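Written out below as structure tokens is the structure these notes cover.
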Amino acid sequence: MEKLWTTAEVARYLGVSEADVEQLVREGKLTGYKLGGCFLRFQPEQVKALKLRLAPRPQAPVVMTPAYPDEHGAGRHEPKRWQEQVRDFVYFHDFYIVSAILLIGVVFYLLSSG
């Protein structure tokens, strides 16, 4: 069995900072063993497996095909329909919309009860 690696050795191997190594432990992506209650040690096999998982994988290039060409042959994307624009607006601003409705309801209640 290989000796356990220190946080500094793991950081050097992964090419990250020691704080990043500790973050990986907090996120559960890497298992650290405490020795003496405070010193983290790591199994080299786990660190090597993590490096393989974290390695960027080459991706196929994304080819954008035009929805319909313009008169110069350059592609344009089809504009969003108004229904899609409303749905996107509501999706991203739902908290504010609900808050405004509740606030208006409270104001009408207070005005009508007074």
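The values are calculated or read from the model by the stated rules, or taken from the named source; none is laboratory data. What you are looking at is a predicted structure, and each value in this text was computed from that prediction instead of being measured. Neighbour counts run over all protein chains shown; Cβ positions are idealised from the backbone, glycine included.
Values for this structure:
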| quantity | calculated |
| --- | --- |
| Complete set of residues in the stretch 1-11 that are surrounded by 14 or more Cβ atoms within 10 Å (Cβ to Cβ) and assigned to a helix (DSSP H, G or I) | T7, E9, V10, A11 |
| Residue within the stretch 29-40 that is part of a loop (DSSP other than H, G, I, E, B), of a type outside the set (A, V, I, L, M), modelled with pLDDT under 90 and touching a His at 6+ places or on another chain (Cβ under 9 Å) present | no |
| L24 vs. criteria without any contact (Cβ under 8 Å) to a residue 60 or more places away in the chain and surrounded by 14 or more Cβ atoms within 10 Å (Cβ to Cβ) | yes |
| Pairs where the first residue, in the stretch 86-105, is among the basic types (K, R) and the second is loosely packed, with under 10 Cβ neighbours inside 10 Å and modelled with pLDDT under 90, C-beta under 6 Å, 6+ apart | none |
